[in-house]
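*Asks:* Sending over a structure as structure tokens; questions will come in a sec.
The values are calculated or read from the model by the stated rules, or taken from the named source; none is laboratory data. Fair warning: this is a prediction, and the values are worked out from it, not measured in the lab. A quick note on method: Cβ atoms are made from the backbone with ideal geometry, for glycine too, and the neighbour counts reach across all protein chains shown. Ligands, DNA and RNA are excluded from the accessible area calculation, which covers all protein heavy atoms including side chains. Shrake-Rupley method; radii C 1.70, N 1.55, O 1.52, S 1.80 Å.
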Amino acid sequence: MTLTVTRVTHACVLLDFAGQRVLTDPWFSERRGYYRGEPLAFSPDSLPELAGVLVSHGHYDHFDLAAFAAYPDRAVPFVVKRGLAAQVRRAGFANVTEVDPWEQASLGGLRVTAAPARHSVPEVSFVIEGGGQAAFFGGDTLRIAALDEVARRHPAIDLALLPVNGLAIRPAFNRQVVMTAEQAAELAGVLGARVAVPIHYAYTAGPIRDRLLLKYNGTPERFAAALGAAAPATQARILEPGQPLTVDGASAPPPSPQGR
């Protein structure tokens, strides 16, 4: 089986396991203080048929139900962090399963396992498996020691999708709430991922809010450079929104210059 990943924007990613497609952390609109900083590869009504939607936590830029309501199939299954199901049902999607770390759900022929995460609100990460392929989706978690358990329970990760912007909250004494590019590279090595794709790095709150409220400096290029030192066996692939990458079951594609 082949596994194809296409970044939509931010942490919203389309994973295609030979036709079984899963969307992560849907974000399709913008509002004051939430700007993508990059193109949007799909609108909800232009998405292909989905086997399911995964939601790591309840922040708007990862759980944009108002915009996703334009997706035509109201029977599409959701797997969400425990506590979010009521919001999904209110948006008109009745097929929803809540999970906490190490709980599992099925989406068609795919197995989804929730894994630990830590952010400014309750969050999970996910391992998605199908046809002998496995992908790890990190949402926008911090690098926490509990994530090492993912490697023990899932020792054959083909693809790791890792946040890299190192978001910190200025008024909270620069409290960090998302892993840095260097921490993401280290985690990719711990996971033993064959391919690692950085996510969650182009977002901006706008010039005033960035100056007063938020701080972030992680870039995909910093991640690729750090990965070369921390996990040389893992290939960094930097994807533009809408650019697909296929990871087959035998070998990963060779990296292009600067990890692109």
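*Asks:* Averaged per residue, what accessible area in Å² does the chain show with a 1.4 Å probe, protein chains only?
*Replies:* 39 Å²
*Asks:* Let me ask another. Cut-off 10 angstrom, C-alpha nodes, Gaussian network model of the chain. Which of L227, L47, L23 fluctuates the most?
*Replies:* Most flexible of the set in this elastic network: L47.
*Asks:* How large is the dipole of the chain about the Cα centre if only Lys and Arg carry +1 and Asp and Glu carry -1, each at its Cβ, rounded to the nearest 20 debye?
*Replies:* Dipole about the Cα centre, nearest 20: 620 debye.
*Asks:* Pick from A105, A51, A75: which is most flexible by mean-square fluctuation in a GNM of the chain where alpha carbon atoms under 10 Å apart are linked?
*Replies:* Among A105, A51, A75, the largest mean-square fluctuation in the Gaussian network model of the chain belongs to A75.
*Asks:* Further question on the same structure: Restricting to DSSP H runs of at least four residues, report the calculated mean residue ellipticity at 222 nm for the chain, -39500 (n - 2.57) per run over all residues, nearest 500 deg cm²/dmol.
*Replies:* -4500 deg cm²/dmol
*Asks:* Please say if the range 7-146 is rounded, prolate or oblate, where rounded means a/c under 1.5 for a ≥ b ≥ c the square roots of the C-alpha gyration tensor eigenvalues, and otherwise the choice is prolate for a/b larger than b/c and oblate otherwise?
*Replies:* Note, shape of the range 7-146 comes out rounded.
*Asks:* Taking amide hydrogens as modeled 1.01 Å from N in the peptide plane, which residues meet the under 5 Å criterion relative to V178, leaving out close sequence neighbours?
*Replies:* Counting only residues 5 or more places away or on other chains, the set is L167.
*Asks:* How high is the relative contact order of the chain? Use alpha-carbon pairs under 8 Å, at least six apart in sequence, and give a whole percent.
*Replies:* Averaging sequence separation for qualifying contacts and normalising by length gives 18 percent for the chain.
*Asks:* Sticking with this structure for a sec: Once a ≥ b ≥ c are taken as the square roots of the eigenvalues of the Cα gyration tensor of the chain, is the result rounded (a/c under 1.5), prolate (a/b larger than b/c) or oblate (a/b not larger than b/c)? Intermediate results must be reported in sequence, preceding the final value.
*Replies:* Numbers: a/c = 1.36, a/b = 1.03, b/c = 1.32.
Rounded, since a/c falls under 1.5.
*Asks:* By the gyration tensor of its Cα atoms, with a ≥ b ≥ c the square roots of the eigenvalues, what is the shape of the range 24-81: rounded for a/c under 1.5, prolate for a/b over b/c, or oblate?
*Replies:* The shape class here is oblate.
*Asks:* Let me ask something additional. So if I place +1 on the C-beta of Lys and Arg and -1 on the C-beta of Asp and Glu, and nothing else carries charge, what would the dipole magnitude of the range 55-191 be about its Cα centre? I want it in debye, nearest 20.
*Replies:* 340 debye
*Asks:* Quick one: among A226, A114, A11, which has the greatest mean-square fluctuation in a GNM of the chain with alpha-carbon springs under 10 angstrom?
*Replies:* Ranking A226, A114, A11 by mean-square fluctuation puts A226 first.
*Asks:* Rounded to the nearest 10 Å², what accessible area does D61 show when all protein chains are kept and the probe is 1.4 Å?
*Replies:* Ignoring ligands and nucleic acids, D61 comes out at about 10 Å².
*Asks:* First compute the accessible area of the range 160-202 with a 1.4 Å probe, then give the percent of it belonging to carbon and sulfur atoms.
*Replies:* Summing carbon and sulfur atoms, their accessible area is 57 percent of the total for the range 160-202.
*Asks:* Then there's this: With +1 on the Cβ of every Lys and Arg and -1 on the Cβ of every Asp and Glu, and nothing else charged, how large is the dipole of the range 1-129 about its Cα centre, in debye rounded to the nearest 20?
*Replies:* 240 debye
*Asks:* Can you list the HN-Hα couplings for the range 66-75, worked out from phi with the Karplus curve (6.51, -1.76, 1.60; θ = phi - 60°), rounded to whole Hz and with x for Gly and Pro?
*Replies:* 4, 6, 5, 4, 6, 5, x, 9, 6, 8
*Asks:* Further question: Tally Lys/Arg at +1 and Asp/Glu at -1 over every other residue whose Cβ is under 13 Å from the Cβ of P44; what's the total?
*Replies:* Summing Lys/Arg as +1 and Asp/Glu as -1 gives -3.
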